[in-house]
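Undergrad: Take this structure, written in structure tokens, and hold onto it; I'll ask about it next.
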Amino acid sequence: MKLVSYKTDDKELLGIYANGHIYNLNSCNKLIPNDMNAFLQGGEPLMEIAKQVNEDILSGKISPKEEIFYEILAPVPHPTSCRDGYAFRQHVAAARRNRKVDMIAEFDQYPIFYFTNHNAIQGPGEILCMPDHFQKLDFELEVAVVIGKKGRNIKAAEADDYIAGYMIMNDMSARTLQMEEMLLNLGPAKGKDFSTVIGPWLVTPDELEPYKVAAKEGHTGNNYNLKMICRVNGIEVSAGNMADMDWTFAEIIERCAYGADILPGDVIGSGTVGTGCFLELNGTGLLNNPEYKVQWLQPGDNVEMEITGLGCLTNVITKEETDFSILALKKK
């Protein structure tokens, strides 16, 4: 089942994407609330009702009226929190090799994550960026999960049961701001907090069963053979696979939930797939060829992320009409 949040007549609504159309869930069954957060808080009972509605639509048992005029939003427009992981060893190793520093030994010992701005979540459409963001503006190709039920101190062996669904994630990054901040060893802030894109819909785990593969040796949890691609202005710039995740979402959730509650509506990203950002691609290119022409996102660029089974997430990079710069405010 593909769940979608959308807006019509200035109202945020919850729907199912089926047969190429969006159908309002509440109009199909009044037990289902009309927004994603309330739906997720309803847990498994509401999820089962929605799956039955989806099955009835696909089989032709019911023929609800499809939505015609709408704006697709992030599947979870108002997440309770947003974390981003660091699950792909290939990306981490390549980025460090390109900076001529050793691989972090601790990467293989435990998964990590950081909290990003859950109020800057958005779906398909424009990404508004300030002038400083265009100082090495980057995409990051990722998968994300949404938590479907409350939990605490969850073991990895049970953690997949807490996942309501999967979606594409683009962790937008302003690299000059990010690298400047991280010299102070407090993690990314203004380099990350302006936009995190998820969508176009939330795909329930049952739809991904045909793609399931074993986790890497020594790891616990589900993984999937899903091809991951990013195109900028129609040109493929990145290609990877979710199956290359070293740390599984189950293991990341285990760490997230240690001594802390995870809640329905929490979003957790995988971290960047290998080759999944210009920072890595530029570094590898320059390492192999000093004449390599580096690339960063520019105003007007069209960014498409496509992942097997999860759809295609499309955004256009737009520059805010201002000359305000926080980089110019640095003290001497």
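No value in this document is a laboratory result; all are computed from the given coordinates. Here the structure is a predicted model, which is why all the values come from computation and not from measurement. Note that we place each Cβ from the backbone using ideal geometry, even for glycine, and neighbour counts take in every protein chain shown.
Undergrad: So which of G309, G276, G271, G265 is in contact with an Asp or Glu (Cβ under 9 Å, 6 or more places away or on another chain), of a type outside the set (K, R), surrounded by 18 or more Cβ atoms within 10 Å (Cβ to Cβ) and at positive phi? Steps first, answer last, please.
TA: Details: G309 fails: surrounded by 18 or more Cβ atoms within 10 Å (Cβ to Cβ); G276 fails: at positive phi; G265 fails: in contact with an Asp or Glu (Cβ under 9 Å, 6 or more places away or on another chain).
After applying the criteria, what remains is G271.
Undergrad: Here's another thing I want to ask about it. Residue under question is S5, and the condition is that it be loosely packed, with under 13 Cβ neighbours inside 10 Å and either of a type in the set (V, I, T) or outside any helix (DSSP H, G or I) (or both); does it hold?
TA: Numbers: loosely packed, with under 13 Cβ neighbours inside 10 Å: no; either of a type in the set (V, I, T) or outside any helix (DSSP H, G or I) (or both): yes.
No; evaluated as a whole, the condition is false for this residue.
Undergrad: Residues being part of a loop (DSSP other than H, G, I, E, B), hydrophobic (A, V, I, L, M, F, W, C) and more than 27 Å from G125 (Cα to Cα): count how many of those fall in region 56-86.
TA: Taking region 56-86 as the starting set, the residues that turn out to be part of a loop (DSSP other than H, G, I, E, B) are 60-65, 67-70, 73-80, 86.
Of the ones still in play, those that are also hydrophobic (A, V, I, L, M, F, W, C) are 62, 68-69, 73-74, 76.
Now narrow it down to the ones that are more than 27 Å from G125 (Cα to Cα): 62.
Number of matching residues: 1.
Undergrad: Go through E44, E48 for me and flag whichever is without any contact (Cβ under 8 Å) to a residue 60 or more places away in the chain and surrounded by fewer than 18 Cβ atoms within 10 Å (Cβ to Cβ).
TA: Values: E44 fails: without any contact (Cβ under 8 Å) to a residue 60 or more places away in the chain.
Matching residue, one of E44, E48: E48.
Undergrad: Return the residues of region 51-65 that are closer than 30 Å to S81 by Cα and either of a type in the set (F, W, Y) or buried (at least 17 other Cβ atoms within 10 Å of the Cβ) (or both); say none if nothing qualifies.
TA: V53, N54
Undergrad: Between residues in region 53-81 that are under 18 Å from N26 (Cβ atoms) and touching a residue at least 24 places away in the same chain (Cβ under 8 Å) and residues that are exposed (fewer than 13 other Cβ atoms within 10 Å of the Cβ) and of a type in the set (D, E), which pairs lie under 9 Å by C-beta distance while being six or more apart or on different chains?
TA: Note: pairs meeting the criteria are F69/D9.
Undergrad: Counting only residues that are within 19 Å of the chain's Cα centre (by Cα), surrounded by 15 or more Cβ atoms within 10 Å (Cβ to Cβ) and farther than 20 Å from A164 by Cβ, how many does region 206-233 have?
TA: 6
Undergrad: Could you list all residues from region 81-100 that are surrounded by fewer than 19 Cβ atoms within 10 Å (Cβ to Cβ) and touching a strand residue (DSSP E or B) at 6+ places or on another chain (Cβ under 6 Å)?
TA: Within region 81-100, just S81 meets the criteria.
Undergrad: Next question, about the same structure. Suppose we keep only residues that are small (G, A, S) and in contact with a helix residue (DSSP H, G or I) (Cβ under 9 Å, 6 or more places away or on another chain) within region 170-205. Which one would you say is surrounded by the most Cβ atoms within 10 Å (Cβ to Cβ)? Steps first, answer last, please.
TA: First, the residues of region 170-205 that are small (G, A, S): 173-174, 187, 189, 191, 195, 199.
When the remaining residues are screened for being in contact with a helix residue (DSSP H, G or I) (Cβ under 9 Å, 6 or more places away or on another chain), the result is 173-174, 187, 189, 191, 195.
Details: S173: 25, A174: 28, G187: 13, A189: 15, G191: 23, S195: 22.
Among those residues, the one meeting the criterion is A174.
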